[in-house]
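Asks: One structure is given below, represented as structure tokens, and several questions about it will come after.
The values are calculated or read from the model by the stated rules, or taken from the named source; none is laboratory data. What you see is a predicted model; the values in this text were computed from it and never measured. Counting neighbours? That spans all protein chains shown, and the Cβs are built from the backbone with ideal geometry, glycine included.
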Amino acid sequence: MAKIDVICPRCSETHGVIRNGHSGSGAQLDRCNHCLKTFQLNFRDKGARADTYQTIVDMAMNGSGCRDTARVLGISLNTVLRHLKNSRLSR
């Protein structure tokens, strides 16, 4: 059986990271005993990925509508609207 070293995204520690159940979508959750942070190794939610935010803003600047952006990226319309609303507030 292969062993995968899980690294904590917060403190970069490899020892002391243990499995900690499953998320609502069924993904494995891990917990760091050093910083007590719970995290997922791989995201399944496309709206939570870091590159999704920039893609939404880029598509809006190029004239794509909100519904079209949601359909192309495979995410919820509410996710698109929330990202656009937050990007306008940060200006």
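Asks: If I filter segment 41-49 for residues that are at pLDDT 90 or above and not basic (Lys, Arg), do I get at least one hit? Steps first, please.
Replies: To start, the set of residues in segment 41-49 that are at pLDDT 90 or above comprises none.
Among the residues of segment 41-49, not one is at pLDDT 90 or above and not basic (Lys, Arg), which makes the answer no.
Asks: Name the one entry in ASN78, ASN86, ASN62 that is farther than 30 Å from LYS3 by Cβ, among the polar types (S, T, N, Q) and either in contact with a Cys (Cβ under 9 Å, 6 or more places away or on another chain) or modelled with pLDDT under 90 (or both).
Replies: Just one listed residue meets the conditions, ASN86.
Asks: Counting just the residues of segment 22-40 that are surrounded by 11 or more Cβ atoms within 10 Å (Cβ to Cβ) and farther than 17 Å from ILE7 by Cα, which one comes out modelled with the lowest pLDDT? Please lay out each step first, then the result.
Replies: Filtering segment 22-40 down to residues surrounded by 11 or more Cβ atoms within 10 Å (Cβ to Cβ) leaves 22-23, 27-35, 37-40.
Narrowing further to those that are farther than 17 Å from ILE7 by Cα: 22-23.
Details: HIS22: 92, SER23: 86.
So, considering only residues that are surrounded by 11 or more Cβ atoms within 10 Å (Cβ to Cβ) and farther than 17 Å from ILE7 by Cα, the one modelled with the lowest pLDDT is SER23.
Asks: Between residues in segment 52-73 that are surrounded by 15 or more Cβ atoms within 10 Å (Cβ to Cβ) and residues that are of a type in the set (Asp, Glu), which pairs lie under 8 Å by C-beta distance while being six or more apart or on different chains?
Replies: Pairs that qualify, where the first residue is surrounded by 15 or more Cβ atoms within 10 Å (Cβ to Cβ) and the partner is of a type in the set (Asp, Glu), are MET59/ASP68.
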